[in-house]
1. Quick one: GLY233 ticks every box in (1) modelled with pLDDT of 90 or more; (2) touching a strand residue (DSSP E or B) at 6+ places or on another chain (Cβ under 6 Å); (3) closer than 26 Å to GLY311 by Cα except a single one, so which number is it?
2. Considering only residues that are open to solvent by 40 Å² or more (accessible area, probe 1.4 Å) and assigned to a loop (DSSP other than H, G, I, E, B), which ones fall in region 309-329?
3. Among the listed residues LEU327, LEU317, LEU289, identify the single one that is of a type outside the set (Lys, Arg), at pLDDT 60 or above and touching a His at 6+ places or on another chain (Cβ under 8 Å).
4. Hey, could you check region 221-237 for residues that are out of contact with any Phe, Trp or Tyr (no Cβ under 7 Å at 6 or more places or on another chain) and open to solvent by less than 50 Å² (accessible area, probe 1.4 Å) and say which is nearest to ARG211 (Cα to Cα)?
5. Does THR199 satisfy the criteria of being hydroxyl-bearing (Ser, Thr, Tyr), open to solvent by 20 Å² or more (accessible area, probe 1.4 Å) and closer than 28 Å to GLU97 by Cβ?
6. Give me the residue from region 76-96 that is under 22 Å from the mean Cα position of the chain (by Cα) and buried (at least 18 other Cβ atoms within 10 Å of the Cβ) and, out of that set, modelled with the lowest pLDDT.
7. Pull up region 120-173, narrow it to residues that are part of a strand (DSSP E or B) and farther than 17 Å from SER204 by Cβ, then point me to the one that is farthest from the chain's Cα centre (by Cα).
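The values are calculated or read from the model by the stated rules, or taken from the named source; none is laboratory data. This structure is a prediction, so every number in the text was calculated from the model and none was measured. Here the Cβ positions follow ideal geometry from the backbone for every residue, glycine too, while neighbour counts run over all protein chains shown. For the accessible areas, the whole protein counts, side chains as well, though only heavy atoms, and no ligand, DNA or RNA atoms are used. Shrake-Rupley method; radii C 1.70, N 1.55, O 1.52, S 1.80 Å.
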Amino acid sequence: MHRAAAFALSSCPSQSVAATWRGALSALLPGSSSSAATLSAVGAASRATRFASTTKDASTDLHNDSTLPTEHYVKAAAERLQVDPGIMKGIITPDRELTVQLVMSMENGELEQFTGYRVQHNDALGPFKGGVIYHPDVNIQSMRNLASLNTYKAALLNLPFGGSKGGVAIDPRDLTDRELQRLSRKWVQALAEVLGPKTDIPSSDIGTAERHMAWMFDQYSKINGFSPACVTGKPLDLHGCHGRDTAGGKGVYVAAREMAIASLAPKIEHSTYVVQGFGKIGGSASQFLHEAGGKIIAVSSSETATFNEDGLDIPALRAHAADQVSLIKDFPGGTRASSSEAGKAEGEGQSGGKGGRAGAVAKRRGAVAKR
């Protein structure tokens, strides 16, 4: 049986039904080859699960198609295959959902309370695996979407992992470095019993980066003993992996290359691109596309963009914006534009960047002082 369907076995009595899931993704795109259809289906689910579109009220019905974009595609595949509704419920429903309250003292002496989440969708293939997001719009609904998508992606790619996702509803730019470290350690401490190399492995994501993973690694090791495999995305000198920082961007490049081949579209070197987000994912994706001969005419952050019809010098732009992604607006090799002109950016590439955090912290401290 293909492992793309193996995640269903923990709740599905019929292996033959479970084994048809990869075919179901192909069925969503009639007339396409199997590999192209699979890649397109995953891409469609990814687009549908853009973080900004999943931030609905946490009390919304878990099985409402309008509230779970990822679920929509899975149900569409199941309907084509006439899968039993009971089996579908077992596939869609997460194994575990946790909401924790993180109370901590801030540098101004006040106590603040933040809400943290972890959704563990399905671990039939292996330990749960998924990122930790720091973003104001984090809620249980968005975590359900993204955790399930991780399950399906791992299964389609024959990876021995299940899907999870977690985070804290906070704008990281509003916290100092010390407060971010305290928050990261609090999150691990609250969830330590359900995390671990053989249970659930967090990684960096929107609003988090290597330093957050280093703090989490240290905190988990304090509780459970030295465990370098408890998180991924750590710095290289703390048992990190070479290539981890560019892996997401390379995945974007490979997907673009393979889709061009499968759909008979122009090759990378004959195409122009606009990249939304220019942090660790968008920046590295732009670099790979540039090196392959692609012409990138615009890149954007959540606030601004730069444009050059003849193509941007990506290595020069990355060096220019190395310290702060918003500096792309001042790049001498491009023309300043708004994000809406270049295509509204989702901001996922700005994880861990400085991005005006000092100003936001100062503004929050001023508001506190006025109270």
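1. Result: GLY233 fails condition (3) only.
2. GLU309, ASP310, ASP313, ALA322, ASP323, GLN324
3. Numbers: LEU317 fails: touching a His at 6+ places or on another chain (Cβ under 8 Å); LEU289 fails: touching a His at 6+ places or on another chain (Cβ under 8 Å).
Among LEU327, LEU317, LEU289, only LEU327 is of a type outside the set (Lys, Arg), at pLDDT 60 or above and touching a His at 6+ places or on another chain (Cβ under 8 Å).
4. Within region 221-237, the first condition is being out of contact with any Phe, Trp or Tyr (no Cβ under 7 Å at 6 or more places or on another chain), and the residues that meet it are 221-226, 229, 232-233, 235-237.
Filter once more, keeping what is open to solvent by less than 50 Å² (accessible area, probe 1.4 Å): 221, 225, 232-233, 235.
Values: SER221: 15, GLY225: 20, THR232: 11, GLY233: 9, PRO235: 7 Å.
So the residue we want is PRO235.
5. Numbers: hydroxyl-bearing (Ser, Thr, Tyr): yes; open to solvent by 20 Å² or more (accessible area, probe 1.4 Å): yes; closer than 28 Å to GLU97 by Cβ: yes.
Judged against the criteria, THR199 is a match.
6. Filtering region 76-96 for residues under 22 Å from the mean Cα position of the chain (by Cα) gives 91-96.
Filter once more, so that each one left must be buried (at least 18 other Cβ atoms within 10 Å of the Cβ): 91-92, 94-95.
Details: ILE91: 87, ILE92: 90, PRO94: 95, ASP95: 96.
Top of the filtered list is ILE91.
7. Within region 120-173, the first condition is being part of a strand (DSSP E or B), and the residues that meet it are 120-122, 128-135, 162-169.
Next, from what is left, pick out any that are farther than 17 Å from SER204 by Cβ: 120-122, 162, 169.
On the way: GLN120: 15, HIS121: 15, ASN122: 17, GLY162: 15, ALA169: 15 Å.
Residue satisfying both the conditions and the ranking: ASN122.
For every residue, the table says whether it meets (1) within 15 Å of ILE92 (Cβ to Cβ); (2) among the basic types (Lys, Arg).
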residue	(1), (2)
VAL138	no, no
ARG144	yes, yes
THR151	yes, no
ASP177	no, no
